[in-house]
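Report on one structure; see the data block that follows.
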Amino acid sequence: MEEKEIKETPVEQTEKGSKKKKDNHLQKKIEELDDKLSKEHDSYVRLYAEFETYRRRTAEEKLALVSSAAADTIKGMLPVLDDCERALQMLETSSDAAAKEGTLLIYNKLMDYLKSRGLTPIEAKGQKFDTDFHEAVTQFPAPSEDLKGMVIDVVQTGYMLNGKILRYAKVVVGA
């Protein structure tokens with residue numbers, strides 16, 4: 001028996017060619033959709049990251065706003081604290097014990113409350129003059145060499161609120 005060679009007819013060749021075209025077309029379509037999907041995914045990830053940044057930033061801004069409002073309120077109370085300190089100084093020479101005790105009680109309550117909110121006085125007297133914490137009101141000739149560049153007297157007490165300067169201490173510096 002003889003084997004006959006099977007040859008493809010032109011119709012079969014056309015069908016194979018059309019299948020290849022379809023496969024190529026489908027492959028291109030898959031690649032296009034894959035590209036589109038990756039672009040959409042990238043866009044989604046970027047949008048999500050942007051939103052997270054926005055959310056974090058607004059939370060920080062809210063905290064800063066609350067902190068700023070607290071700082072402004074406490075800063076407004078500092079003149080009252082100064083007046084209490086002046087009253088205590090004036091009452092040191094007075095013989096009225098009740099006035100001293102009452103003023104001291106008010107001063108201590110106010111100071112304790114402000115300290116609980118993060119207020120701390122800046123220690124200045126006897127310290128080396130530091131422009132980060134002190135504001136020189138005047139210079140005074142130092143009585144001794146070791147007092148040069150040192151804070152001799154405090155005109156107005158300075159305060160820090162949670163580690164940040166709220167008001168610089170106004171001081172007299174030895175020259």
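FYI, it's all coordinate maths here, none of it is from the lab. Nothing here was measured: the structure is a model prediction, and the numbers come from that model. Methodologically, a virtual Cβ is constructed for each residue, glycine included, from the backbone with ideal geometry; neighbour enumeration extends over all protein chains shown.
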Rounded if a/c under 1.5, otherwise prolate or oblate - the stretch 94-145, Cα gyration tensor axes: oblate
Relative contact order for the stretch 119-175, counting Cα pairs under 8 Å that sit 6 or more residues apart, in percent: 46 percent
Anisotropy class of the stretch 119-175 from Cα gyration tensor, a/c 1.5 cut: prolate
Protection-proxy order for peptides 88-94, 68-74, each taking the mean of Cβ atoms within 10 Å per residue, highest first: 68-74, 88-94
Signed unit charges on C-beta, dipole axis of the stretch 119-175, positive-most listed residue Gly149, Phe133, Leu161: Leu161
Cα-projected label distance for Lys39 with Lys148, points at 7 Å along beta-carbon direction, nm: 7.6 nm
Answer label, with Cα Rg over 2.2 N^0.38 Å calculated from the coordinates and candidates (1) 1.17; (2) 0.98; (3) 2.57: (3)
Part-to-part distance (alpha-carbon centres) for the stretch 131-175 and the stretch 65-109, which is given in Å: 21 Å
Computed E for Gln156/Glu60 - FRET, C-beta separation, R0 35 angstrom, nearest 0.05: 0.60
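Using alpha-carbon pairs under 8 Å, 6+ residues apart, how would you state the relative contact order of the chain in percent?
16 percent
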Where a label projected 7 Å from the Cα of Lys75 along Cα→Cβ would reach, residues of the stretch 149-164 with amide N under 20 Å: 156-164
